[in-house]
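The values are calculated or read from the model by the stated rules, or taken from the named source; none is laboratory data. Everything numeric in this text was worked out from a predicted model, so none of it was measured. Backbone-built Cβ (ideal geometry, glycine too); neighbour counts: all protein chains shown. Protein only, heavy atoms only, side chains kept; ligands, DNA and RNA dropped before computing areas. Shrake-Rupley method; radii C 1.70, N 1.55, O 1.52, S 1.80 Å.
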Amino acid sequence: MSILSVKNLSKTYQQFKALDNLSFDVQPGQIYGLLGPNGAGKSTTMRCLLTLIKPDVGDILFFQKELKENRREILNKVGYLIEKPDFYNYLSAYNNLKLLSKYSTNKIEDKAIHSLIEKVGLKGRENDAVKKYSHGMKQRLGLAQVLLNNPDLIILDEPNTGLDPQGIVELRDFIFELKNEGKTVILSSHILHEIEQLADSMIIINKGKSVIQGSKEELLGENNLHVKIEVEHPTQLEKILLHTHWQNKYKGTHDTIISFDIEKKEIAHLVSFLSENKIGIVAVSYRKKLEELYMSLTQNTNA
Amino acid sequence: MLKLIGVELYKIYTKPRSYLGLLAITIIVCLIHIAMYSGGQEYLDFIFSTFKDSFDVSGKILTGNLIAFIILQMLVVQMPLLVAFVTGDIISGEASGGTLRILAGKPYSRSHIFFSKFIACAIYTFVLVVWLGILAVVLGHLLFGSGDMMVLKTEGLVVLRDGDILWRYGYAFIIAFFSLLLIASLAFCISSFAENSITPIVITMGLIIISTVIGTLEVPLFEYIKPILFTTHMIIWRNMFDKPVPWNEILLSMSIVFAYTCMFTGIAWFHFTRKDILT
């Protein structure tokens, strides 16, 4: 049962289609990665989830409830950090959290605020004005803000931006900690390596559309590799494939490169099959890393 | 809702710019008091010298009542600026600072956020007016004492007895509050469209200045426009010092001020509750 279900979401800004019939589901307890190049629609999607942007069409269901009709109840269970961590710079970290806690419909005790400050490593600096904070410290405060209402679902938009390597590692541990506490995390990032390490499932968006989505196992596991074989006579191969079981796994031809979605153990069988049919093989490659998947898919959709 | 109003008031209370208005009023009013205390009699003698052929003025003219009236007249332009300075920033400041996207995703509806901000603006405006009242009337009376008041108007000279003045100030300040609330709603309205703090303040002041200039020019074409200009009705507090008080005229002006306030607030609410928050 999905904790979040996005159905046919579309949003157009004047002539620009930011989201185009986007659908995806997030399961409870998962870390869900949202990937895509700049302007792909990641932030627009996240803003739609938080009612910051009104989609033209489409449905958003949190906890099996329609967002439009249950906004107050739903958003009380959601914590979020969209883009950079912005606060009231003239107030201290503690006063910022205290002030933002008033926007929750639950009563948040002072003790809980102090506990969050400690959790994100700002103890001792909580009374300093936020304008004196470094970006990393603001990011920590942002994470404390996310957890203010003890949310079940957490939305983080590019939380790595501007963090140093140590900050990135700490953030990763923090997100894993949230997962271990049973929270669901939706995360967008440009750092593919981070998503690859963190996410249980992911979606790649480009030009507002879903390019591919699934669990990490499905997308990056050895049971489903995207194999590219460069051959001398692709037209001849296409004809031969028509009468074999490889036809179901055939994904398309681009110039002299034929693509298949197959398991790793099938690669040898496929190569044998091509040799038996006198198809000259120039090269065989398959991708496994998220970066390769991401680049191949986003470049294909940009073409 | 009360909780959110409290939050908005806390933001105003902790924001340094909120005190600039109070500080500016304090400095301006104190300067006027000092100036009138040191050379006020000569100033009044000069003004009343034009009437010396028609009237024989005797007794104390420079009273706290008159000083308060002069202060109110002088602050016609400054007070809207001071109000716009805070109210023009209340939405656009959060938009440019990025905090609006934090608030707008919280469980409370945008209408709740909007009206809590508007009510906080109204309270801030009220505080400014009360502070002006304390400095102008109370401090004026402490420095210059009480007494009859002579008000110079275009229709002539109005003489008010000492015991007949204070209640007029009470109403004048209430009218001034609602007039400034109109300015607050205008700045608030522009603030809901803008994404930086300066634009609403500049546009609000620009509109006030243009409207005031049109209202001042004695050009036949503008005579048709003047009754619908909000600045025409914002200065109706002066009529509280007429004898007798033209209540119908004041009520009509206050109705127009109220209608403008509702219109600006309505436009702002309509836009704010529907706009995409992209900052």
Run the numbers for residue A:268 and residue A:161: contour at 0.36 nm per residue of separation, minus the present Cα-Cα distance, in nm. 34.3 nm
Antiparallel as a % of all DSSP beta bridges within the protein assembly as shown, to the nearest 5? 70 percent
Tilt, helix B:166-193 to longest principal axis of chain B (alpha-carbon atoms), in degrees rounded to tens, equals 30 degrees
With charges set only on the Cβ (+1 for Lys and Arg, -1 for Asp and Glu), what does the dipole of the protein assembly as shown come to about its Cα centre, in debye to the nearest 20? 620 debye
Using alpha carbons only, how many degrees (0 to 90, rounded to 10) separate the axis of helix B:64-74 from the longest principal axis of chain B? 50 degrees
Once you list every other residue whose beta carbon is under 14 Å from the beta carbon of residue A:95, what net charge do they have if Lys and Arg are +1 and Asp and Glu are -1? +4
Ignoring ligands, DNA and RNA, the residues of segment A:99-145 whose accessible area with a 1.4 Å probe is reduced by 30 Å² or more relative to the chain alone are A:99, A:100, A:102, A:103, A:145
Using the crude model of +1 on Lys and Arg Cβ and -1 on Asp and Glu Cβ, and no other charge, please compute the dipole size for chain A relative to its Cα centre, in debye to 20. 900 debye
Helix A:290-302: angle to the longest alpha-carbon principal axis of chain A, degrees 0 to 90, nearest 10? 80 degrees
Please compute the modelled spin-label separation between residue A:275 and residue A:127, points set 7 Å along Cα→Cβ, answer in nm with one decimal. 7.7 nm
Which value, in debye to the nearest 20, describes the size of the charge dipole of segment A:225-287 about its Cα centre when Lys and Arg Cβ atoms bear +1, Asp and Glu Cβ atoms bear -1, and nothing else is charged? 140 debye
Where B:242, B:89, B:148 fall by accessible area, highest first, once all protein chains stay in place (1.4 Å): B:148, B:242, B:89
Give the carbon-plus-sulfur fraction of the accessible surface of chain B in %, rounded to a whole number; probe 1.4 Å, heavy atoms of protein chains only. 73 percent
Stokes-Einstein D for segment A:1-106, Kirkwood Rh over Cα pairs, 25 °C, 0.890 mPa s (µm²/s): 159 µm²/s
Step through the residues of segment A:270-277 one at a time and calculate ³J(HN,Hα) from phi using the Karplus curve (6.51 cos²θ - 1.76 cosθ + 1.60, θ = phi - 60°), rounding each to whole Hz and writing x for Gly and Pro. 5, 4, 4, 4, 5, 5, 4, 8
Could you tell me which of the pairs A:183/A:216; A:17/A:216; A:98/A:123; A:68/B:275; A:84/B:11 are separated by over 23 angstrom between their Cα atoms in the structure shown? A:17/A:216
Using the heavy atoms of the protein chains and a 1.4 angstrom probe, tell me the accessible area per residue for chain B in square angstrom. 45 Å²
Ordering A:239, A:209 from largest to smallest accessible area (1.4 angstrom probe), what's the sequence? A:239, A:209
Work out the charge dipole of the protein assembly as shown with +1 on the Cβ of Lys and Arg and -1 on the Cβ of Asp and Glu about the Cα centre, then indicate which of B:108, A:279, B:270 is farthest towards its positive end. B:108
Among B:175, A:149, A:260, pick out the residue whose Cα is farthest towards the positive end of the charge dipole of the protein assembly as shown, where Lys and Arg carry +1 and Asp and Glu carry -1 on C-beta, about the Cα centre. A:149
Rough spin-label spacing in nm, given labels placed 7 Å along Cα→Cβ, for residue B:78 and residue B:35: 0.8 nm
Chains A and B: accessible area buried, summed over both chains, 1.4 Å probe, nearest 100 Å², reads 2700 Å²
State the percentage of accessible surface on segment A:4-215 attributable to carbon and sulfur atoms; use a 1.4 Å probe and exclude ligands, DNA and RNA. 48 percent
Note down the accessible area of residue B:168, probe 1.4 Å, to the nearest 10 Å². 10 Å²
Quick check for you: with a 1.4 Å probe and neighbouring chains kept, what is the accessible area per residue of segment A:4-215, in Å²? 40 Å²
Ignoring ligands, DNA and RNA, the residues of segment A:47-87 whose accessible area with a 1.4 Å probe is reduced by 40 Å² or more relative to the chain alone are A:47, A:52, A:71, A:72, A:80, A:86
Could you work out the helix-only [θ] at 222 nm for the protein assembly as shown, with each DSSP H run of four or more residues adding -39,500 (n - 2.57) and the total divided by the number of residues, to the nearest 500 deg cm²/dmol? -16000 deg cm²/dmol
Straight distance only, please: which aspartates and glutamates reach the Cα of residue A:119 with their own Cα at less than 18 Å, same-chain residues fewer than 8 apart left out? A:109, A:110, A:128, A:152, A:170, A:173, A:177, A:181
To the nearest 0.05, the calculated FRET efficiency linking residue A:21 and residue A:285 through their beta-carbon distance, R0 being 41 Å, is 0.80
